[in-house]
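Comments concern the structure below.
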Amino acid sequence: MVSPFEELEYIVDYLPDEGEAVIVTRKDGELVCDPFQQEANLDPLSNTQLYGRFVQANERLQSCCLHPILISVLGCFCLCVLMHNIFDTGWKSWYLDIGIILFSITGCIQWIQRKQSHTFRTQVRPMLHWQLRMLGLDRFRIIGSLRHRPELKTLLRLIVQNGE
């Protein structure tokens, strides 16, 4: 019969390097050491620091919407009021208001997209490049991971559009 100390000496011989692991099992009365490989985490956004930076970047991009929307709504309202007062058209020309609103919405969307694209190029992209280099990640893993996060859709859209 083998003593427990001899079994421990056997296990010590098979201990892996730092950061690696083994599974020790008993088969037919003997200890067997097998290497254990943990599955690598496939989701890079499980890193809380990276996820936090992505949330911050996404919020920064979404904040680009506030001023264009506010100015477009106020401008649209003022233009409709002026048109009705200057031309004294009343409600019989309501379709002109809808035309003004549609042009305002189109202009607002274009303005927001340009502002977000500029913010992405000047502020967000340099930070993302640095962070991805530090963690050794490529952009396609990030795109795949962001695709499953609806709360980060603005960031995903800009990464894909700008060929990040």
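The values are calculated or read from the model by the stated rules, or taken from the named source; none is laboratory data. These numbers come from a predicted model, not from an experiment. Using ideal geometry, Cβ is built from the backbone for each residue, glycine included, and neighbour counts are taken over all protein chains shown. Accessible surface areas use protein heavy atoms only, side chains included; no ligands, DNA or RNA. Shrake-Rupley method; radii C 1.70, N 1.55, O 1.52, S 1.80 Å.
Based on what the data block shows, is GLN49 surrounded by 12 or more Cβ atoms within 10 Å (Cβ to Cβ), in a helix (DSSP H, G or I) and of a type outside the set (Gly, Ala, Ser)? Quick ask: steps written out before the conclusion?
Values: surrounded by 12 or more Cβ atoms within 10 Å (Cβ to Cβ): no; in a helix (DSSP H, G or I): yes; of a type outside the set (Gly, Ala, Ser): yes.
So GLN49 does not fit the description; no.
For (1) in contact with a strand residue (DSSP E or B) (Cβ under 6 Å, 6 or more places away or on another chain); (2) assigned to a loop (DSSP other than H, G, I, E, B); (3) among the aliphatic types (A, V, I, L, M); (4) open to solvent by 90 Å² or more (accessible area, probe 1.4 Å), each residue gets a yes or a no:
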residue	(1), (2), (3), (4)
PHE77	no, no, no, yes
MET83	no, no, yes, no
SER93	no, no, no, no
ILE98	no, no, yes, no
ILE101	no, no, yes, no
ILE105	no, no, yes, no
GLN110	no, no, no, no
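Within the range 120-143, being exposed (fewer than 14 other Cβ atoms within 10 Å of the Cβ), free of Cβ contacts under 8 Å to residues at least 40 places away in the same chain and assigned to a helix (DSSP H, G or I) holds for THR122, PRO126, HIS129, TRP130, ARG133, MET134, PHE140, ILE143.
Here is a check on your reading of the model: is GLU59 among the charged types (D, E, K, R) and modelled with pLDDT under 90? Let's see the steps before the verdict.
Working: among the charged types (D, E, K, R): yes; modelled with pLDDT under 90: no.
Criteria not met by GLU59.
Of the residues contained in the range 60-68, none is found to be open to solvent by less than 90 Å² (accessible area, probe 1.4 Å), in contact with a Leu (Cβ under 7 Å, 6 or more places away or on another chain), outside any loop (DSSP other than H, G, I, E, B) and free of Cβ contacts under 8 Å to residues at least 40 places away in the same chain.
Only one of the numbered conditions (1) surrounded by 11 or more Cβ atoms within 10 Å (Cβ to Cβ); (2) outside any helix (DSSP H, G or I) is not met by PRO35, and that is (1). For first residues located in the range 146-162 and under 18 Å from LYS115 (Cβ atoms), partners that are open to solvent by 80 Å² or more (accessible area, probe 1.4 Å) and part of a helix (DSSP H, G or I) and lie 6+ apart or on another chain with Cβ distances below 8 Å form the pairs ASN162/ARG121.
With respect to HIS148, determine if the residue is under 16 Å from the mean Cα position of the chain (by Cα) and surrounded by fewer than 13 Cβ atoms within 10 Å (Cβ to Cβ). Yes: the conditions hold for HIS148.
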